[in-house]
Structures are given as structure tokens and as C-alpha cells.
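Please treat every number below as a calculation from the coordinates, not as lab data. All values derive from a computational prediction rather than experimental measurement. Note that each Cβ is placed from the backbone with ideal geometry, even for glycine, and that neighbours are counted across all protein chains shown.
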């Protein structure tokens, strides 16, 4: 199997697999820093066009769940790529392994079983949902990684107007000229308007699927007040373990790695690691943009532990100085 076949599926958001869009890449690959990063690249940072849409609601009930799915459907119908709640199946406990069920089809009974464990591992909260489960974020990008098509801002606003009955809607996008400071601040409270993603590379087959490697990466996540969420595949493993053990804060020592790998394959939630285990992502959302966001990326990368046969890579595109 070729390297291309093993790599995570490409999208404007980064690696994806079936349900889950694995990372909303705010900047695209051109400048590679392939050791633990000592200093940022020179030149102005060029961000990939993106937008963040937040819906607020009183309760994540069946009406709200369907509203979120329909909102994302209508945004995707504009010809945009989207990452939102409908991409992330919820895990329903029962039997030997939890069952992944999409937001569009989960019943009230199954949601009641899944809800207590949504916070486990940081896989869904605050990556997709707020901690109190009263808001959710949908991220948008052009499908071809180029600029947003002309008129996109108007069409996005028309969709939001159509869905205003679902609850308060907030959108922020510098690329679309939708950059009110109030909207930026509101989204940044929980979700962040940008990402600071770090890629891990290895020449060894299966290296980044090893539990001890993923554990080290997860433990190396730096604390930063501008970071809103930081996600690895270990985050998903903790989520799976939390559902199995019926606890909302499982430890890395409690992780059921075999179950996580199996459920990850069933749910399509393995997009943060390539099939051949030679590439993985640390997906980070931040409240920063431009140079400030790059600084956070450098911090996150440089804080990761040195792991034999694994190198840190910060893909970034910059304009010439």
C-alpha cells in the first residue's frame, strides 16, 4: 500500500475519516520545521480561509440535535466543507463495546445513555460542544483550499437567517469580512476561532499507533491560556474508556487501547492517525490568529517529548517577506 493510501484523507480541514474531520488546518503546508521547534519561520503568515459558526441552545434535545444537523447540511449545500456535530458520532454504552451513533439518528433513549460521558477525554467537549452543552461550533472552509467563492458571506448569512429560530447564531470569519469583535470574543470564550495543529511523523510502520507513543504525546500537551482544546487519538481512547467504565474522567492508565482502536475503526474516528501509523496530528484550537497563532503552534510543538523514531512537523504557509 502506498504512502498516499495510508495517509489521512485530505480535506480543507486536514485528516478525516468517515464521520470525523480530524483537524481544521488554519494554515497549509509549505514551511516545514522538522525538529523540536526553536524559532518561527520568517515572513508574514498566510491563513487558510475559514469561518466559525456557533449555535446556542437551552438543551441538546432531539429538536436541537436535528437543528444542528440541518444547519450543517445547509452550510455544506453552499459548496463548503464543514466540520461540526454531525461529523462526530456519540458513543452509547451497552454490551462489551459502546456503539457509535450519529447525531442525526440517535434516539432520545440512546442520547440519555450517551450524555453523561460526552466530556470524557476532551474528544467532544470543548472541541465541538461547550462544557454545559448549550452551544456547538461548525467550522467552514473552501473545499479546494483556495479562497471562498465570491458571494459566500452573503449566502452564509442567508442560511443563518433561515435557521435563527433554532437559537442565537454567531459567525466569525476574517476571510469573509465577517469579523465583528463581539462575535470573535463570543466564539473565543469556548471554541476559539483558529487552530494551531502539529503533525507527528515517523518512518516506522505503526509507530504512531503505539499506545505508549500516544500516551507520551497526550501527556506533552502544553497548557496555554489561549488554547481552547487540544486533541489526540488518545483523547478518543479516553472517551471510549469513559463510556465503558461509566466515568467522566478516566486516566491514561485506565485506557482500554484495544477497545479504542476497534471503536475508532467502527465509528470512523481514527482520522488523527494515518492507517499505516506513520503520521498523526495534535489538533489544537486557539483564540489567536496570524503571528500569535503561530507562536502557540511553536509552543505546542516544542513542548512535546522527544520520542525515538518520531519527529515533530509544523506545516505552515507563509508569504515571502
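Test of understanding: what is the full-extension gain from residue 105 to residue 179, defined as 0.36 nm times their sequence separation minus their Cα-Cα distance? Can you show the working numbers first?
Values: separation 74, 0.36 × 74 = 26.64 nm, distance 3.43 nm.
Working it through step by step, the gained length comes to 23.2 nm.
Using the Cβ-Cβ distance between residue 246 and residue 291 with R0 set to 45 Å, the FRET efficiency from 1/(1 + (r/R0)^6) comes to roughly 0.50.
Here 209, 257, 117 are placed in order of increasing Cβ neighbour count within 10 Å, fewest first, which gives 257, 209, 117. Cα convex hull, region 224-311: 131 Å³ per residue, rounded to a whole number. Each residue, residue 63 and residue 161, gets one label point 7 Å from its Cα in the Cβ direction; the gap between the two is 2.4 nm.
Taking the fewest neighbouring Cβ atoms within 10 Å as the starting point, the ordered list for 172, 129 is 129, 172.
Pull out the extension gain between residue 112 and residue 266, defined as 0.36 nm times the separation in residues minus the alpha carbon to alpha carbon distance; nm, one decimal. If you can, show how the numbers build up before the last one.
Details: separation 154, 0.36 × 154 = 55.44 nm, distance 2.13 nm.
Full-extension gain reported as 53.3 nm.
As a ratio to 2.2 N^0.38 Å, the alpha-carbon radius of gyration for region 164-321 is 1.16.
Take 202, 185 and order them by how many other Cβ atoms sit within 10 Å, fewest up front.
Numbers: 202 22, 185 13.
Exposure proxy ranking, most exposed first: 185, 202.
Label-to-label distance for residue 153 and residue 253 is 5.4 nm, based on points extended 7 Å past Cα in the beta-carbon direction.
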